[in-house]
Amino acid sequence: MTQIRSRAVRIDQYGGPEQLKIVDVSVGEPGPGEIRIRHKAVGLNFIDTYQRSGLYPLALPLQLGMEGAGVVEAVGEGVTHLKAGDRAAYTSQPPGAYCEVRVMPAKCVCKLPEAIDFETGAAMMLKGLTVQYLLRRTQPQGGLQAGDHILFHAAAGGVGLIACQWAAAMGLQLIGTAGSDEKCALAKAHGAAHVINYAKDDFVARVKEITGGKGVKVIYDSVGKDTFMKSLDCLRPFGLAVNFGNASGKVEPIDINVLAGKGSLYVTRPTVFTHIATREGTQAMADDLFAMVGSGKVKIQIDQRYPLEQVQQAHRDLEARKTTGSTILTL
């Protein structure tokens, strides 16, 4: 059996960025339903820091990384949608993208259109598919129509900048929040209809002002603990609160009666991996994402690039909220 050597980033115990170690690993042939891919670039995401810290506990030792792009080197038995030599991109479980070469399940790997380069492919799959399932599939009662107001926290992050553009393409009035005037300006430049610096302004009061006191149909919140409960006050009756991340910590347990008092609200905690659980579902979502990026309606902004050797610094900057747009590791 062919054995290929690859550099990979691994943790042996949970903790801070100092736990990220570069190791030399052996990579074999793909088994049934698997492929071997050689990465050209790898995406960084906040979920990587949750897994590294143990907030989302997984078996150790653990190779991190949820998305990447590169060239398929070999395919296992039963894999028909990919072949050796194909350009490909993915977000997938289990983690393991922080490496040069890996063997992985094929079902969530998609052919990357020629018009989309590897760095863009690596930077957009988890974040872009997240926006796809949020705006297209995680909608409030009655759906979303052009002109509707929605609230999107962390609007200048990797997911946020994609959401600003995608919402604008759908005709939605996205109200984006961020922690600095510079980040607010960035969200505005990417299509946010309104922006709020929540480090300076009461975002609940501003949302009520922007919407003429009505509130928004839906809030999309990846910040978590610091924003979620206050966000419920931004919703109109029958509104939907979507928590899809915990950048500031996990949301505290909710007294379900609170939802009644605030207007018969709905709450959900979705994940992208539920949505991409099948090959068909993954491809349909990816086709939508590829079409949005290919048309130019959504541009993927890569603001940080780190060589694999600087992965510890990449995590420090991500957690310190020093980053904007998307971040990738280069190989």
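Whenever a residue of the range 43-54 is over 17 Å from residue 99 (Cβ atoms), its partners that are modelled with pLDDT under 95 and assigned to a helix (DSSP H, G or I), lying with C-beta atoms within less than 6 angstrom and at least six residues away or across chains, give the pairs 49/319. I want to confirm something. Restricting to the range 311-331 and keeping residues that are of a type in the set (Ser, Thr, Tyr) and buried (at least 17 other Cβ atoms within 10 Å of the Cβ), which single residue is farthest from residue 178 (Cα to Cα)? Checking each candidate, the answer is 327.
Restricting attention to the range 100-111, the residues that are closer than 16 Å to residue 280 by Cα and of a type in the set (A, V, I, L, M) add up to 2. Take the conditions in a helix (DSSP H, G or I), aliphatic (A, V, I, L, M), touching a residue at least 40 places away in the same chain (Cβ under 8 Å) and surrounded by 16 or more Cβ atoms within 10 Å (Cβ to Cβ) and apply them to residue 218. Does it pass? No; evaluated as a whole, the condition is false for this residue. Only a single item in (1) under 22 Å from residue 141 (Cβ atoms); (2) in a helix (DSSP H, G or I) is not met by residue 264, and it is number (2).
Do we find that residue 282 is under 17 Å from residue 154 (Cα atoms) and surrounded by 17 or more Cβ atoms within 10 Å (Cβ to Cβ) in this structure? Spelling it out, it is not the case that residue 282 is under 17 Å from residue 154 (Cα atoms) and surrounded by 17 or more Cβ atoms within 10 Å (Cβ to Cβ).
If only residues of the range 283-331 that are touching a strand residue (DSSP E or B) at 6+ places or on another chain (Cβ under 8 Å) and in a loop (DSSP other than H, G, I, E, B) are counted, the one that is modelled with the lowest pLDDT is 324. Looking only at residues that are of a type in the set (Ser, Thr, Tyr) and over 19 Å from residue 158 (Cα atoms) in the range 238-279, which one is surrounded by the fewest Cβ atoms within 10 Å (Cβ to Cβ)? Per the criteria, the residue is 274. Out of 245, 224, 191, 213, one residue alone is closer than 29 Å to residue 323 by Cα and modelled with pLDDT of 95 or more. It is 191. Remark: pairs (first residue in the range 272-287, farther than 14 Å from residue 134 by Cα; second residue in a helix (DSSP H, G or I) and not hydrophobic (A, V, I, L, M, F, W, C); Cβ separation under 7 Å; 6+ apart in sequence or on different chains) = 281/275.
Among the residues examined, residue 65 qualifies as part of a loop (DSSP other than H, G, I, E, B) and within 26 Å of residue 132 (Cβ to Cβ). Total residues in the range 293-331 satisfying the condition of being closer than 13 Å to residue 120 by Cα and touching a helix residue (DSSP H, G or I) at 6+ places or on another chain (Cβ under 6 Å): the figure is 8. In the range 109-124, the residues that are closer than 21 Å to residue 93 by Cβ form Cβ pairs under 9 Å with partners that are surrounded by fewer than 24 Cβ atoms within 10 Å (Cβ to Cβ) and aromatic (Phe, Trp, Tyr), at six or more places apart or across chains, as follows: 110/290; 112/118; 112/290.
Yes/no matrix, rows are residues, columns are (1) in contact with a strand residue (DSSP E or B) (Cβ under 8 Å, 6 or more places away or on another chain); (2) modelled with pLDDT of 95 or more; (3) among the β-branched types (Val, Ile, Thr); (4) buried (at least 19 other Cβ atoms within 10 Å of the Cβ):
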position	(1), (2), (3), (4)
26	yes, yes, no, no
61	yes, yes, no, no
65	yes, yes, no, yes
78	no, yes, no, no
83	yes, yes, no, no
98	yes, yes, no, yes
105	yes, yes, no, no
109	yes, yes, yes, yes
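Inspection of the range 123-130 identifies at least one residue that is of a type in the set (D, E, K, R) and either in contact with a strand residue (DSSP E or B) (Cβ under 8 Å, 6 or more places away or on another chain) or on the phi > 0 side of the Ramachandran plot (or both).
The values are calculated or read from the model by the stated rules, or taken from the named source; none is laboratory data. Values in this document were obtained by computation on a predicted structure and should not be read as measured data. Virtual Cβ from ideal backbone geometry, glycine too; neighbours counted across all protein chains shown.
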